[in-house]
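Contents: one structure, followed by commentary.
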Amino acid sequence: MDDLRTLSDAYKTRVDFAGLSMDDVIPGDPKTTRNKVEKFLAQKRIGYSNYYYTGAQNALVDAFGFSGELPVTIVFDRAGKERFRVQGVIDKKAFSEKLNQLLKR
């Protein structure tokens, strides 16, 4: 999260970042879970848009082709085409290099 925040700050005039929480599928009180997510995002000082997904988990997994490890970071171009994805925690330097390559196109 810290690396994504740093990257979103660095690229804010050229790249739009958005987050998506799937925490609603965690057993327990949904309101409590949502409050924990909001508190976490505030503590991490995340400035980019974040969405709290409350739909069917399988629908989201199928729509984005999630398989395996979370988190998943997906980069789309302006036309909505997926350009690359990272499963697991990102490597800030490698991610930045990939973004720079895409921005030069």
Can you go through E97, E82, E69 and tell me which one is in contact with a Gly (Cβ under 6 Å, 6 or more places away or on another chain) and without any contact (Cβ under 8 Å) to a residue 40 or more places away in the chain?
E69
Kindly indicate whether any position in the range 3-12 is surrounded by 13 or more Cβ atoms within 10 Å (Cβ to Cβ) and β-branched (V, I, T).
no
Report, by residue number, each residue of the range 18-34 that is assigned to a helix (DSSP H, G or I) and either under 23 Å from A79 (Cα atoms) or in contact with a Pro (Cβ under 7 Å, 6 or more places away or on another chain) (or both).
D24
From I90, I26, I46, which residue is among the β-branched types (V, I, T) and within 26 Å of R105 (Cβ to Cβ)?
I90
So is V15 assigned to a loop (DSSP other than H, G, I, E, B), among the aliphatic types (A, V, I, L, M), out of contact with any Ser or Thr (no Cβ under 6 Å at 6 or more places or on another chain) and closer than 20 Å to V86 by Cβ or not?
yes
Just a yes or no: is a residue in the range 32-43 among the acidic types (D, E) and under 29 Å from K12 (Cα atoms)?
yes
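Conditions tested, residue by residue: (1) surrounded by 11 or more Cβ atoms within 10 Å (Cβ to Cβ); (2) modelled with pLDDT of 95 or more.
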site: G47; (1), (2): yes, no
site: A59; (1), (2): no, no
site: D62; (1), (2): no, no
site: S67; (1), (2): no, no
site: R83; (1), (2): yes, no
site: G88; (1), (2): yes, no
site: K93; (1), (2): no, yes
site: K104; (1), (2): no, no
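The values are calculated or read from the model by the stated rules, or taken from the named source; none is laboratory data. Predicted model, so just to flag it, every value in this text is computed and none were measured. Note that each Cβ is placed from the backbone with ideal geometry, even for glycine, and that neighbours are counted across all protein chains shown.
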